[in-house]
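K.L.:
Got a structure for you, written out below as structure tokens; questions coming shortly.
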């Protein structure tokens, strides 16, 4: 995947949100400036579509994790609207990514250069960069 120089990379799952920046070339990303973002999960709108009690008991649905994904999307929306982000790549586990997409603002969508549906929040920056280059 081609990642523009200085593009932001949001790495998100149901509990963590890390924002990095590409200091490398577009075809050879080198991620630096990692910033752990602490967001408050307040938007539990996913609960409307995840009312299945059996799914919640078996661990298939965690409303807190989905709310964290929504909060991360809202944070990214504010950064896009405030022109703090020019280009953005989102890497998130499939469930979180699906929830985040529901909350993307049109301004954020204009700045998206791609998405990768993969859990990578526990990985070091060089492994994340390898996953981007391979995508």
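K.L.:
Look at the stretch 13-29 and say how many of its residues are outside any strand (DSSP E or B) and out of contact with any strand residue (DSSP E or B) (no Cβ under 7 Å at 6 or more places or on another chain).
P.N.:
Residues that pass the stated criteria total 6.
K.L.:
Another one. What number of residues within the stretch 98-115 are in contact with a strand residue (DSSP E or B) (Cβ under 8 Å, 6 or more places away or on another chain), buried (at least 17 other Cβ atoms within 10 Å of the Cβ) and touching a residue at least 40 places away in the same chain (Cβ under 8 Å)?
P.N.:
Number of matching residues: 2.
K.L.:
Test each condition in (1) modelled with pLDDT of 95 or more; (2) in contact with a helix residue (DSSP H, G or I) (Cβ under 8 Å, 6 or more places away or on another chain) for residue 19 and report the one that comes out false.
P.N.:
With respect to (1) modelled with pLDDT of 95 or more; (2) in contact with a helix residue (DSSP H, G or I) (Cβ under 8 Å, 6 or more places away or on another chain), residue 19 is out only on (2).
K.L.:
Answer yes if at least one residue in the stretch 1-13 is more than 15 Å from residue 76 (Cα to Cα), at pLDDT 95 or above and touching a helix residue (DSSP H, G or I) at 6+ places or on another chain (Cβ under 7 Å), and no otherwise.
P.N.:
Taking every residue of the stretch 1-13 in turn, at least one turns out to be more than 15 Å from residue 76 (Cα to Cα), at pLDDT 95 or above and touching a helix residue (DSSP H, G or I) at 6+ places or on another chain (Cβ under 7 Å).
K.L.:
Somewhere in the stretch 31-46, is a residue in a helix (DSSP H, G or I), surrounded by 14 or more Cβ atoms within 10 Å (Cβ to Cβ) and either touching a strand residue (DSSP E or B) at 6+ places or on another chain (Cβ under 9 Å) or modelled with pLDDT of 95 or more (or both)?
P.N.:
Scanning the stretch 31-46, I find no residue that is in a helix (DSSP H, G or I), surrounded by 14 or more Cβ atoms within 10 Å (Cβ to Cβ) and either touching a strand residue (DSSP E or B) at 6+ places or on another chain (Cβ under 9 Å) or modelled with pLDDT of 95 or more (or both), so the answer is no.
K.L.:
In addition: Take the conditions over 18 Å from residue 132 (Cα atoms), in a loop (DSSP other than H, G, I, E, B) and at pLDDT below 90 and apply them to residue 51. Does it pass?
P.N.:
yes
K.L.:
Please work out if residue 77 is at pLDDT 95 or above and part of a helix (DSSP H, G or I).
P.N.:
Taking the combined requirement at face value, the residue satisfies it.
K.L.:
Considering only the stretch 80-96, state which residues are surrounded by fewer than 20 Cβ atoms within 10 Å (Cβ to Cβ), in contact with a strand residue (DSSP E or B) (Cβ under 8 Å, 6 or more places away or on another chain) and assigned to a helix (DSSP H, G or I).
P.N.:
94
K.L.:
Oh, and also: When residues of the stretch 102-135 are filtered for being over 18 Å from residue 70 (Cβ atoms), touching a helix residue (DSSP H, G or I) at 6+ places or on another chain (Cβ under 7 Å) and in a helix (DSSP H, G or I), how many remain?
P.N.:
Residues flagged as over 18 Å from residue 70 (Cβ atoms), touching a helix residue (DSSP H, G or I) at 6+ places or on another chain (Cβ under 7 Å) and in a helix (DSSP H, G or I) within the stretch 102-135 amount to 1.
The values are calculated or read from the model by the stated rules, or taken from the named source; none is laboratory data. Quick caveat, the model's predicted, so the values are computed rather than measured. Positions of Cβ are generated from backbone atoms using ideal geometry, with glycine treated the same way; all protein chains shown enter the neighbour counts.
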